[in-house]
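Asker: Structure in structure tokens, see below.
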Amino acid sequence: MPVQTGDFSASQLRTSISRADKMWSDDMMQAEFKANTGVYDAVKAEQNANVRILEEPSKDRDVKIHWINACGGKVEDNDGLCEIGGDELSSDSKEYGLKFDKKFSFNVDEYKFRTNDYSMEEVVAKGFMRADKMLSEQICKSMVARIESFKGTNVVNDGTGSVNTVSGNTDIQAADWNERLFAYLHRVAIQNEFSNGFLLSGTNMYEDRFLALSNVGNGEGKGAAKLYQSMRTYFDLFNIDPQLSPELKTYLINRGSLAFASKSIYGAVPKTYIGAGHQHYSIASRNLAGVRFDVKYTNACKEKTMMHKFTVNVKYDLFLNYTGCNEERTGVIALNKVGS
Amino acid sequence: MPKLDKVLLSFLQKAHRMTKEQAAELLYKKSEDGTINEEEFNENFEADLLKADQERVKTLQEKVDTSKKFDEGYNKAKKETLEKFEKKLRKDFSVKDEKLNGTDLIKHIVNTKSEQSKLSADDVKKHPLFLELEASKTEEIEKLATEYDAKIEGLETGYQKSQTLKDLKKRAITLLDAKKPVLPKDAVAASNQKELFANIFDAYEYQKDGEKTLVLEDGKRKEDAHGNPIYFEDLVDTTSSQYFEFQKQNKKGTPGEESGQGGGNAVPKNEEEFNKAYFEANTPEERQEIQDGWDAANPE
């Protein structure tokens, strides 16, 4: 294997990306590098806000989010006159700074590839995929923390659940976590003025729902399956429960309440800064659609070898739609399983 | 009517060559004084007759046994014949020694004649028959060599042509892919359709013209309506348009978020554009399309 000398070139980067593409298409390799991103997938599926990257670096503002606001106006007497129309509905927008900035670094020793079966490009490809997985899962963990912080007050204080004024959760007994709960959940959504609610859950209800949907063909199972399917439900079996442990939670969220934003500074084409000895570019995440990671590359002499150094970082955050019809109702309700 | 005994007597005398007395002794019983009693038959007539007959036959056999005489005669004839033959051989082959007989004579003749007829290699080579055969064989060998040289050259040329055609057909598919044809969703059907397309180019011959490949048809260069030569890439382009529809490419982006990045549709003109398009592509599929387009436009 010939030793690659000099900087990690654009051509080598292309080769690395190509190798990563091939590895990603292999099921076994993909299993090693695919992140668990249920939270992110759910939020992006239900996001209707428009996020625009702010390119001006002077401000501590990274993104501008355009939220859909359906509120405004008031009820008046109908005087029967020809006047038609009222206040203009607005799309509210706000600028935000991205609070989370995480990085993952790896080094590659050039001279190890003199007798190695792998090329440097392959090792770098694996480094990028590892960084992608780690950062993607970190993003999801951060999102769970944010969602938890966004939870509002449930105005429904009767029925199957009971509002815990200390924790802010709506506590539901373990025995009630089955398909019959959906009648209550629909009432909660309606009474909290959710226009289009969905559920984001850890392991709560996962197995019971699985069984119910499997039994849909049975005469007795149809009802349970129909109830479970009456509200869109997303599961993340890896990121929600560990973050909130020992609590086991499910979130009832109104569509459009959340918006995820991330920002990469560098363009996709590598730029070399000879003076600083750096090369900067961004690469697309394979796990999180729409997310790009910034990469900073440099190399340095270390004893008898050359060390190629890569730092992959991402800036991101999750935001709450502040234009809800009632400022006390956030669009996020935390449902907590209690008891055994 | 003659009496049976008289008939028998007559028979014995004639067929068995017995005398009257011998026949009578056999047929009639002898009295005690030894005289023949013609009034009584010999009770052992049958046995005595058979015995007498056996002796008669034995006598006959001794009289006609001539094998010894025959052998003597045969050997004599054989000897005479051989002597005549040996005499002729001596005369024909000028052999003076009369003590040589039989196989010794034959061996002597063969050895003598073999020595007399031994030719040197040079003599053989000068012989007209040899020269004629040599010329004939040489001509035959040269003819065969020419024939097989032509066959080998034909095979080599044919092999090269088939390899060139194989490479060109592969290139045709790459150029087709770069144009993003609308293909069946089923992978096998799509592959078959592309293969059928590539087989269209079997009908032509090809000739290198610098870096390009000229298309020949019926031994002549293929030309367009304006008399311009047609090159392989042009042929693929026009042919593909006759067989396929092509997708319109849309710029892809994440819903609700401006990415400001993404690959373009056109094949990059230089490596800088290629790098830009490649790095800005968001998915492996987009990158592969860009790579395919670049490779097709820049064959190695």
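Readers should treat all values here as calculations from the given coordinates under stated rules, not as data from a laboratory. None of the values given here were measured: they were computed from a predicted structure. Cβ coordinates were reconstructed from backbone atoms using ideal geometry, including for glycine residues, and neighbour counts include every protein chain displayed.
Asker: Arranged by the count of other C-beta atoms within 10 angstrom, fewest first, what order do A:SER119, A:SER262, A:SER245, A:SER340 take?
Answerer: Values: A:SER119 17, A:SER262 23, A:SER245 9, A:SER340 6.
Ascending Cβ contact count within 10 Å gives the list A:SER340, A:SER245, A:SER119, A:SER262.
Asker: Order of A:CYS301, A:CYS140 from fewest to most other C-beta atoms within 10 Å? If you can, show how the numbers build up before the last one.
Answerer: On the way: A:CYS301 8, A:CYS140 26.
The most exposed by this proxy come first: A:CYS301, A:CYS140.
Asker: Here's another thing I want to ask about it. If R₀ is 25 angstrom, what is the calculated FRET efficiency for the pair B:VAL57 and B:GLN22, using the beta carbon separation as r and rounding to 0.05? Write down the numbers at each step before the final one.
Answerer: Values: r = 16 Å, r/R0 = 0.64.
Plugging the Cβ-Cβ distance into 1/(1 + (r/R0)^6) gives 0.95.
Asker: I've got another one for you. Evaluate the distance, in nm, between pseudo-label points positioned 7 Å from the Cα of B:GLU43 and of A:ILE265 along their respective Cα→Cβ axes.
Answerer: 16.2 nm
Asker: Something else now. How high is the FRET efficiency between A:ALA31 and B:GLU271 when r is their beta carbon distance and R₀ equals 45 Å, given to the nearest 0.05?
Answerer: That pair, A:ALA31 with B:GLU271, gives E of 0.80.
Asker: Any idea how far apart B:GLU217 and B:GLN247 come out in nm if each label point goes 7 Å out from Cα toward Cβ?
Answerer: 3.2 nm
Asker: Divide the volume of the convex hull of the Cα atoms of the range A:187-340 by its number of residues and quote the answer in cubic angstrom per residue.
Answerer: So the per-residue hull volume is 216 Å³.
Asker: Tell me, A:ILE274, B:ILE290 in order of fewest to most beta-carbon neighbours within 10 Å?
Answerer: Working: A:ILE274 8, B:ILE290 25.
The fewest-first ordering by Cβ neighbours comes to A:ILE274, B:ILE290.
Asker: Also: Could you tell me which of the pairs A:LYS112/A:LYS304; A:LYS34/A:LYS296; A:LYS44/B:LYS180; A:LYS34/B:LYS180; B:LYS170/B:LYS212; A:LYS112/A:LYS302 are separated by over 21 angstrom between their Cα atoms in the structure shown?
Answerer: Numbers: A:LYS112/A:LYS304 11 Å; A:LYS34/A:LYS296 23 Å; A:LYS44/B:LYS180 30 Å; A:LYS34/B:LYS180 30 Å; B:LYS170/B:LYS212 16 Å; A:LYS112/A:LYS302 13 Å.
Flagged as over cut-off: A:LYS34/A:LYS296; A:LYS44/B:LYS180; A:LYS34/B:LYS180.
Asker: Something else about it: Set the Förster distance to 25 Å, then compute FRET efficiency between B:LYS166 and B:ASP186 from the Cβ-Cβ distance, nearest 0.05. Numbers along the way, then the final one.
Answerer: Numbers: r = 25 Å, r/R0 = 1.01.
With a Förster radius of 25 Å, E is 0.50.
Asker: Next question, about the same structure. Which of the aspartates and glutamates could be linked to B:LYS113 by a straight reach, that is with a Cα gap under 16 Å, when you skip same-chain ones fewer than 8 residues away?
Answerer: Reachable aspartates and glutamates: B:ASP92, B:ASP97, B:ASP104.
Asker: Another question, then. So which lysines can B:LYS143 reach, going by Cα to Cα under 19 Å and dropping same-chain residues fewer than 8 places off?
Answerer: Reachable lysines: B:LYS151.
Asker: Between their Cα atoms, which of B:LYS6/B:LYS51; B:LYS3/B:LYS30; B:LYS51/B:LYS76 are more than 30 Å away from each other?
Answerer: Numbers: B:LYS6/B:LYS51 21 Å; B:LYS3/B:LYS30 19 Å; B:LYS51/B:LYS76 40 Å.
B:LYS51/B:LYS76, as the Cα separations exceed 30 Å there.
Asker: Quick one: Debye curve from the alpha-carbon atoms of chain B only, equal weights, vacuum; give me log10 I(q)/I(0) at q = 0.08 Å⁻¹ to two decimals.
Answerer: Log10 I(q)/I(0), no solvent term: -0.73.
Asker: Still on this structure, please answer the following. Show that you can apply the helix-only estimate: for chain A, add -39,500 (n - 2.57) for every DSSP H stretch of four or more residues, divide by all residues, and state [θ] at 222 nm to the nearest 500.
Answerer: Dividing the helical sum by the residues of chain A leaves -9000 deg cm²/dmol.
Asker: Relative contact order (percent) for chain B, with alpha-carbon contacts under 8 angstrom and 6 or more residues of separation?
Answerer: Working: 181 pairs, mean separation 27.3, N = 300.
The value is 9 percent.
Asker: Can you pull a Stokes-Einstein diffusion coefficient for chain A at 37 °C (0.692 mPa s), Rh from Kirkwood over Cα pairs, as a whole number of µm²/s?
Answerer: This corresponds to a translational diffusion coefficient of 142 µm²/s.
Asker: Another one. Treating each Cα of the range B:87-150 as an identical point scatterer and ignoring solvent, apply the Debye formula and state log10 I(q)/I(0) at q = 0.20, 0.23 Å⁻¹.
Answerer: -0.81, -0.90
Asker: Evaluate 2.2 N^0.38 Å with N set to the residue count of the protein assembly as shown, then give the Cα radius of gyration divided by it.
Answerer: 2.28
Asker: Extending each Cα 7 Å along its Cβ direction at A:ASN157 and B:ASP209, get the distance between those two points in nm, one decimal.
Answerer: So the label points at A:ASN157 and B:ASP209 sit 9.0 nm apart.
Asker: I'd like to verify something in chain A: which complete DSSP H helices, judged by Cα projection on the helix axis, reach 20 Å or more and average at least -0.5 on the Kyte-Doolittle scale? Please list the in-between numbers first.
Answerer: Details: long enough: A:10-25 (22 Å, -0.68); A:120-150 (44 Å, 0.06).
Sorted by number, the helices that extend far enough and score high enough are A:120-150.
Asker: With runs of 4+ DSSP H residues as the only contributors, calculate the mean residue ellipticity of chain B at 222 nm using -39,500 (n - 2.57) per run, divided by the residue total and rounded to the nearest 500.
Answerer: Working: 11 runs with 187 residues, N = 300.
Value at 222 nm, helices only: -21000 deg cm²/dmol.
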